[in-house]
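Q: The structure under discussion is supplied below as structure tokens; questions concerning it will follow.
The values are calculated or read from the model by the stated rules, or taken from the named source; none is laboratory data. A quick note: this is a predicted structure, and the numbers were derived from the prediction, not measured. Backbone-built Cβ (ideal geometry, glycine too); neighbour counts: all protein chains shown.
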Amino acid sequence: MNPVELLVGVLEAADLVHIGIASRVAVFADTPDTAVEQEFIRRGLLYEGAGARSVRELKALGITAVEPIPGYVTGSEDEGPALAEWCKQQRLRAVVVITTSDHSRRLRRMLRRSMKGHDTLTMVRSARYSIFDPDSWWQSRRGIRTEIEEVEKLLLDIVRHPIP
């Protein structure tokens, strides 16, 4: 996920807490990248991964209840099982998962599979600040590219998992 997409999720999560829909925010832990981290340290800089940056930004937006979801995820396929296990451990009744508008359909399918048999109600929310506009994606090169990429991934998901 690129940095702008992460900021979209941070803003949406903060808004949901401020209006009372959520009481806390969970963030996936960073995937360790020792080569990058070591290079930052070698240059005298503190390495801050995407998860740590999201936590810092949420706190700057006034969100004090921020929790890391343990384990490392490298993509959407990993997020479902990790989220299901975390929800089970936390005994959560409901969660709202925030994503970009182009990714929401595929993420819903993946979470439906991962959360099957779990007691947690899972809702997927498309972030209002998402760059992708589902109503006019064909009007820009970026929108067309995003749509093509996401449709390819969705079709692959449908082929791999025909019945959600």
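Q: Looking only at residues that are touching a residue at least 12 places away in the same chain (Cβ under 8 Å) and among the hydroxyl-bearing types (Ser, Thr, Tyr) in the range 6-43, which one is surrounded by the fewest Cβ atoms within 10 Å (Cβ to Cβ)?
A: Applying the filter and picking the extreme gives Ser23.
Q: I would also like to ask the following. Looking only at the range 123-164, count how many residues are hydroxyl-bearing (Ser, Thr, Tyr), without any contact (Cβ under 8 Å) to a residue 24 or more places away in the chain and surrounded by 12 or more Cβ atoms within 10 Å (Cβ to Cβ). Don't jump to the end; show me each part of the working.
A: Within the range 123-164, the first condition is being hydroxyl-bearing (Ser, Thr, Tyr), and the residues that meet it are 126, 129-130, 136, 140, 146.
Add one more test, that the residue is without any contact (Cβ under 8 Å) to a residue 24 or more places away in the chain, and what stays is 136, 140.
Restricting the remaining residues to those that are surrounded by 12 or more Cβ atoms within 10 Å (Cβ to Cβ) gives 140.
Looking only at that region, the number is 1.
Q: Shifting gears a bit: Give just the number: which of (1) surrounded by fewer than 18 Cβ atoms within 10 Å (Cβ to Cβ); (2) hydrophobic (A, V, I, L, M, F, W, C); (3) farther than 30 Å from Ile144 by Cβ does Val96 not satisfy?
A: (3)
Q: Against the condition at pLDDT below 95 and under 12 Å from the mean Cα position of the chain (by Cα), how does Ala35 come out, does it pass? Lay out the reasoning, then the answer.
A: Details: at pLDDT below 95: yes; under 12 Å from the mean Cα position of the chain (by Cα): no.
The answer is no for Ala35.
Q: Taking the condition surrounded by 13 or more Cβ atoms within 10 Å (Cβ to Cβ) and either without any contact (Cβ under 8 Å) to a residue 40 or more places away in the chain or under 15 Å from Ala127 (Cβ atoms) (or both), does Val66 pass?
A: On the way: surrounded by 13 or more Cβ atoms within 10 Å (Cβ to Cβ): yes; either without any contact (Cβ under 8 Å) to a residue 40 or more places away in the chain or under 15 Å from Ala127 (Cβ atoms) (or both): no.
Here the answer is no, as Val66 does not meet what is asked.
Q: Also, I was wondering about something else. Search the range 74-89 for residues being within 13 Å of Lys116 (Cβ to Cβ) and out of contact with any Phe, Trp or Tyr (no Cβ under 9 Å at 6 or more places or on another chain), and hand back the single one that is surrounded by the fewest Cβ atoms within 10 Å (Cβ to Cβ).
A: The first filter runs over the range 74-89 and keeps only residues within 13 Å of Lys116 (Cβ to Cβ), leaving 80-81, 83-84, 87-88.
If we keep only those that are out of contact with any Phe, Trp or Tyr (no Cβ under 9 Å at 6 or more places or on another chain) as well, we get 80-81, 84, 87-88.
Numbers: Gly80: 21, Pro81: 15, Ala84: 19, Cys87: 22, Lys88: 13.
Selected residue: Lys88.
Q: When you look at Arg108, is it in contact (Cβ under 8 Å) with a residue 40 or more places away in the chain, charged (D, E, K, R) and either touching a strand residue (DSSP E or B) at 6+ places or on another chain (Cβ under 7 Å) or part of a helix (DSSP H, G or I) (or both), yes or no?
A: On the way: in contact (Cβ under 8 Å) with a residue 40 or more places away in the chain: no; charged (D, E, K, R): yes; either touching a strand residue (DSSP E or B) at 6+ places or on another chain (Cβ under 7 Å) or part of a helix (DSSP H, G or I) (or both): yes.
It is false that Arg108 is in contact (Cβ under 8 Å) with a residue 40 or more places away in the chain, charged (D, E, K, R) and either touching a strand residue (DSSP E or B) at 6+ places or on another chain (Cβ under 7 Å) or part of a helix (DSSP H, G or I) (or both).
Q: Let me ask another. From Gly44, Gly80, Gly49, grab the single residue that is modelled with pLDDT of 85 or more and either closer than 23 Å to Ile131 by Cα or out of contact with any helix residue (DSSP H, G or I) (no Cβ under 9 Å at 6 or more places or on another chain) (or both). Working first, answer last.
A: Details: Gly80 fails: either closer than 23 Å to Ile131 by Cα or out of contact with any helix residue (DSSP H, G or I) (no Cβ under 9 Å at 6 or more places or on another chain) (or both); Gly49 fails: modelled with pLDDT of 85 or more.
So the residue among Gly44, Gly80, Gly49 that is modelled with pLDDT of 85 or more and either closer than 23 Å to Ile131 by Cα or out of contact with any helix residue (DSSP H, G or I) (no Cβ under 9 Å at 6 or more places or on another chain) (or both) is Gly44.
Q: I've got another one for you. Return the residues of the range 93-108 that are farther than 12 Å from Met123 by Cβ and of a type outside the set (Asp, Glu); say none if nothing qualifies. Steps first, answer last, please.
A: Restricting attention to the range 93-108, the residues satisfying the condition of being farther than 12 Å from Met123 by Cβ are 100-103, 105-106.
Within the range 93-108, Thr100, Ser101, His103, Arg105, Arg106 meet the criteria.
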